[in-house]
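Visitor: Dumping the structure here so I can ask a few things about it.
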Amino acid sequence: MDVGPVDCDIHPNVPETHVLMPFLSDYWREQITTRAIDGLDLNTYPPKTPLYARKDWRPEKAKAASTLELLRTQALDRFNPRFAICNIVYGAQAVFNGDLSAALCSAVNDWIIQEWLNKDARLRASIIVPFNDPELAVDEIEKRAGDHRFVQVMLLTGSEMPLGRRQFWPIYRAAERHGLPIGIHAGATARHASTYTGWPSHYIEEYSAQAQSFQGQLLSLIYEGVFVKFPALKVVLIESGVTWLPSFTSRADHTWRALRAEVPWLDRAPSQFVRDHIRLTTQPFDAPEDGATVRRIIDLLDSDSMLLFASDYPHWQFDGDDALPPGISDELARKIMVDNPLATYPRLRELAQ
Amino acid sequence: MNVQVRGAKSAEGAQRLGVIDCDIHPVMRSPGDLKKYLSPKWHDHLDTYGSFHRQPFVQGDIYPRAAPYLSRRDAMPPNGGPPGSDLEFMRAQLLDLHNIEVGVLQVLGGGTHQRNIDYGAAICSAINNWQVAEWISHDERLRGSISITQEYPEAAVAEIRKHGPDKRFVQIGMNQRSLEPAGRRRYWPIYEAAVEFDLSLGIHTGGYNGHAPVPGGGWPSYYAEQHHLINVCQQNVLSSMVMEGVFEQFPTLRVVLVEGGFTWAPALTWRLDKLWKKLRSEVPRLTRPPSDYIRQHIWFTTQPVDDMGSPERLREICDLVGWDRLCFSSDYPHWDFDDPRYAFTFRLSESEKLAIFNRNARQAYNLQ
Amino acid sequence: MTTTKHVVATIEEVPPGQHKKVHVKGRDIALFNLNGEFYALGDKCPHEAGSLCTGKVVGLAISKEPGDYQLVRPGEFVKCPWHGWEFDIRTGQSYCDPQKTRVRMYESHVENGDELAKGPYVAETFKVSVDQQYVVIEL
């Protein structure tokens, strides 16, 4: 099959809460107006910070990437993907009232369908779920699974409990059953300090700390036995950074050898679970701007199947038009941009055929 | 209802008396107004990064509140701006209407819990200058609270030194949700400065410390829970200050617990006393039972008055807390505002009225 | 006790779903129009006297079990602008404490101007014309 690249991480943004109103029940609409519920952008992505949108992708008045027109002219027509996966990063998933969180997530999914998927055939999306309340999250997965334009289930790395814990397993069971990978995107729901040592002072630290959060969550998924229990499940780490992974797997394997008896269900080294089940998007990559270093890191991954192309539009991860890190051969680029995404997302495969 | 009729009568007395309101919330007309008072070197930071708190959302509350602006729906100033932003309207709706003799401003949010403490200190400084320029200089009934970054005690003390000599500031505004329990020594420089300048310490509810509201338990689902738990938090604050020996170290420190309720105080006091009898060896610094410190150092603002289910029971609780410990507060313009005419559901004697609506606050704030 | 008819509004002044504060015999009264039916409630909340006319008109949230939400009787309750107590506009009763806490209700109805013209009535703020319909509060 010959298809164009797949952009595995783009971010249409919810302009304001009121765009979700048509998709909410009369009860929630009245709650939102009576209590003035609004302002749910995540502190992990404050709209005015430079990282939120590249300068040339920042419209004067509107929020970046908040209209299809912006997305088309700035990203789709530029990077020319066969598919682009919309990952809506928004506070719906962080709301503490599980029912309200579920209602807002569902409204976001309806909004994605109506305002994005129905209007551009290149677009696909992740199902946004109230993942801190797994029972409600499964309801939302079941509701959306029949629409194959939804290609994965998205969680945030900042969860109430470590994501490997059994309370989350119903989500993984449903995702596996429907051929949906789990995408874990950077983003805090702030149930806990964003670092092991507390709440850092600056946004730059907060964003940087997302990579450490991913490391903890990945470890939890492995050690709790999620991939033993759900052998067909793929997990995509989105906007996680990449270069921390070799050190991580090395440490994990080292520890496993010594302490394996504590987690006897792990029949393989952690690094093997990572290679089999984990995929990572390529922006940000977190390497110097020289091809040699990038190649060296990719060698250390021991796999050419794990990386998935992503522009991370409109976040400011790179300048110009070259969204891939430097130093990547044409052959590997094709794997990252086409083969790996299609192998990871079964629903892209079926639609591409 | 009988209750309201009697409440109304008791309040007329309170009105004649001249009410001291210990909890009034002024706000800026627009967030950008801060720039007028904020050091220019922070203007770009304000525009680009803005407030950065220990919570999920850039703007929204952790728990969506009961009402727009957290306020009474009738408190929108007719000339625009959010509730609490218009002094003229505040006069009409609160100060004049209820014959407020002294109103203590409590400025919420702002710099107190900014994760970037330098930015937080700059905001607090701006807020204090704003209080002088736009509030306490314009109405002599109003008194200021010195806004501080409590997690940055050096800056807090500098701010206290700056405004402490200005007698129109009557307290240091602290927030109940500190990063560590309020009795810890990291906060003692603030308490020391309070004593030095004869300022009381007003500990108001709210804030973002990142700790879960259910003590030891985690994050609840509903605003209804969180709104109740501010009282529970206030119990944690008080327990820590007593047990860490703050009142031994600062025997003249006056603390006003604002908007955190008072009906819980007897039960907590009994519990602490009982434990102290058995475990005093662990806290040898305390020379007296906890109840002694509480009766001597702590005042409670009244709003929102929990009615205890009946006027008689509310009276009993007031007996137990102490008639000299309760200071009326309205919380204007917030949605759970108390009207001095109706806040108490039983008939107050003349001396009780005098105490709650005026004299206690004079002592708590050492007003001349 | 004798009552007097007070003409407080034309029906166009308070369309369905709207409300208006009127004054009768020195009292503030909140006049609500629910789908063409008029209800007159004392404007003061029995709790701390918040003005109900400035409150939000809402439906009634009910539930069969935790996690179930239903909004019934849309527009038939008014929430006090201060503490959010909900009152049934049709009865004046507090939802949480219907027996002990209620807003005073006043008798109100719609009359044609030609009927009213026979008098007696009180209309303080406007003239009654025969081809109009008016809301009348008896007090």
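Visitor: Please work out the ratio of the alpha-carbon Rg of segment A:6-352 to 2.2 N^0.38 Å and round it to two decimals. Show your work: numbers first, answer last.
Guide: On the way: Rg = 19.1 Å, N = 347, 2.2 N^0.38 = 20.3 Å.
In units of the globular-protein estimate, segment A:6-352 measures up at 0.94.
Visitor: Any chance you could run the full-extension gain for A:R72 through A:S247? It's 0.36 nm times the residue separation minus the Cα-Cα distance, nm to one decimal.
Guide: Numbers: separation 175, 0.36 × 175 = 63.00 nm, distance 3.79 nm.
Roughly 59.2 nm would be gained on extension.
Visitor: Which entries of A:K48/B:K35; A:K55/A:K234; A:K61/C:K21; C:K25/C:K56 have Cα-Cα distances beyond 29 Å here? Walk me through the numbers before you get to the answer.
Guide: Details: A:K48/B:K35 17 Å; A:K55/A:K234 34 Å; A:K61/C:K21 40 Å; C:K25/C:K56 26 Å.
Check vs 29 Å cut-off fails for A:K55/A:K234; A:K61/C:K21.
Visitor: Follow-up. Relative to 2.2 N^0.38 Å, what does the C-alpha radius of gyration of segment C:85-139 come to as a ratio? Two decimals please.
Guide: Values: Rg = 15.6 Å, N = 55, 2.2 N^0.38 = 10.1 Å.
That works out to 1.55 for segment C:85-139.
Visitor: Can you pick out the pairs among B:K41/B:K162; C:K44/C:K79; C:K5/C:K79 whose Cα atoms lie more than 23 Å from each other? Don't jump to the answer; show the numbers that get you there.
Guide: Numbers: B:K41/B:K162 20 Å; C:K44/C:K79 12 Å; C:K5/C:K79 28 Å.
From B:K41/B:K162; C:K44/C:K79; C:K5/C:K79, over 23 Å: C:K5/C:K79.
Visitor: With only Lys, Arg, Asp and Glu charged, each at its Cβ (+1 for the first two, -1 for the last two), find how big the charge dipole of chain C is about the Cα centre; round to the nearest 20 debye.
Guide: Details: 16 positive and 19 negative charges, 78 e Å.
Value, rounded to 20: 380 debye.
Visitor: Spin-label point model (7 Å from Cα, Cβ direction): what's the A:R268 to B:T252 distance in nm?
Guide: According to this spin-label approximation, the distance is 7.3 nm.
Visitor: Which order do A:I37, B:I294, C:I11 fall in if you start with the one that has the fewest other Cβ atoms within 10 Å? The partial results should precede the final answer.
Guide: On the way: A:I37 22, B:I294 25, C:I11 16.
In increasing order of surrounding Cβ atoms, one gets C:I11, A:I37, B:I294.
Visitor: A:M161 to A:A292: FRET efficiency via 1/(1 + (r/R0)^6), r the Cβ-Cβ distance, R0 60 Å, to the nearest 0.05?
Guide: Working from the Cβ atoms, E equals 0.90.
Visitor: Give the calculated FRET efficiency between B:E88 and B:D307 to the nearest 0.05, with a Förster radius of 41 Å applied to their Cβ-Cβ distance. Write out the running numbers ahead of the final one.
Guide: Values: r = 33 Å, r/R0 = 0.80.
Efficiency at R0 = 41 Å is approximately 0.80.
Visitor: Check cross-link reach from B:K167 to the aspartates and glutamates: straight Cα distance under 12 Å, and skip same-chain residues fewer than eight apart.
Guide: Straight-distance partners of B:K167: B:E140, B:D198.
Visitor: Continuing with the same structure: Hey, for a label at B:N99 modelled as a point 7 Å past Cα toward Cβ, could you say which residues of segment B:317-342 have their backbone N under 14 Å away?
Guide: It comes to B:340-342, nothing else.
Visitor: Let's test the formula: R0 of 41 Å, r as the Cβ-Cβ distance of B:E196 and B:V283. What FRET efficiency results, to the nearest 0.05?
Guide: For B:E196 and B:V283, the calculated efficiency is 0.95.
Visitor: In segment C:124-139, whose amide N lies under 17 Å from the spot 7 Å out along Cα-to-Cβ of C:E107? List them in ranges.
Guide: C:135-139
Visitor: At 7 Å along the Cα-to-beta-carbon direction for both C:E124 and B:N79, put a label point, then send me their distance in nm to one decimal.
Guide: So the label points at C:E124 and B:N79 sit 2.9 nm apart.
Visitor: May I pose another question? Assuming 1.306 mPa s and 10 °C, estimate D for the protein assembly as shown with Stokes-Einstein, Rh taken as the Kirkwood radius over Cα pairs, in µm²/s. Show your work: numbers first, answer last.
Guide: Details: Rh = 30.2 Å.
Estimated via Stokes-Einstein, D reaches 53 µm²/s.
Visitor: Tell me which cysteines of chain C come out unpaired when the rule is another cysteine's Cβ under 4.7 Å.
Guide: C:C53, C:C96
Visitor: At q = 0.15 Å⁻¹, what log₁₀ I(q)/I(0) does segment C:5-138 have when each alpha carbon counts as one equal point scatterer in the Debye sum?
Guide: After summing over all Cα pairs, the log10 values are -0.71.
Visitor: At what distance in nm do the modelled label points of A:D319 and A:A261 sit from each other, each positioned 7 Å from its Cα along Cα→Cβ?
Guide: Spacing of the two 7 Å Cα→Cβ label points: 5.7 nm.
Visitor: With a cut-off of at most 10 other beta carbons within 10 Å, and DSSP calling the residue loop, which GluC sites (Glu not before Pro) in segment C:48-121 qualify? Please list them. Walk me through the numbers before you get to the answer.
Guide: Details: sites: C:E48, C:E76, C:E86, C:E107, C:E111, C:E115; in loops: C:E48.
Passing both the DSSP loop test and the Cβ count: no residue.
Visitor: Taking the Cβ of each residue in C:M105, B:M241 as the centre, tally the other Cβ atoms inside 10 Å and list the residues starting with the fewest.
Guide: Numbers: C:M105 17, B:M241 27.
Least to most surrounded, the residues fall as C:M105, B:M241.
Visitor: I've got another one for you. Kindly provide log₁₀ I(q)/I(0) values, in the same order as q = 0.06, 0.13 Å⁻¹, from the Debye equation applied to equal alpha-carbon scatterers of chain B.
Guide: Normalising to I(0) and taking log10 leaves -0.21, -1.06.
Visitor: Then there is this: Using only the alpha-carbon atoms of segment B:215-314 as identical scatterers, what base-10 log of I(q)/I(0) does the Debye formula give at q = 0.10, 0.13, 0.14, 0.16 Å⁻¹?
Guide: Here log10 of I(q) over I(0) equals -0.32, -0.53, -0.61, -0.77.
Where a number appears in this text, it was derived from the coordinates with a stated rule and is not lab data. Not measured: the values here are computed from a predicted model. FYI the Cβ positions are ideal-geometry reconstructions off the backbone, even for glycines, and counts take in every protein chain you see.
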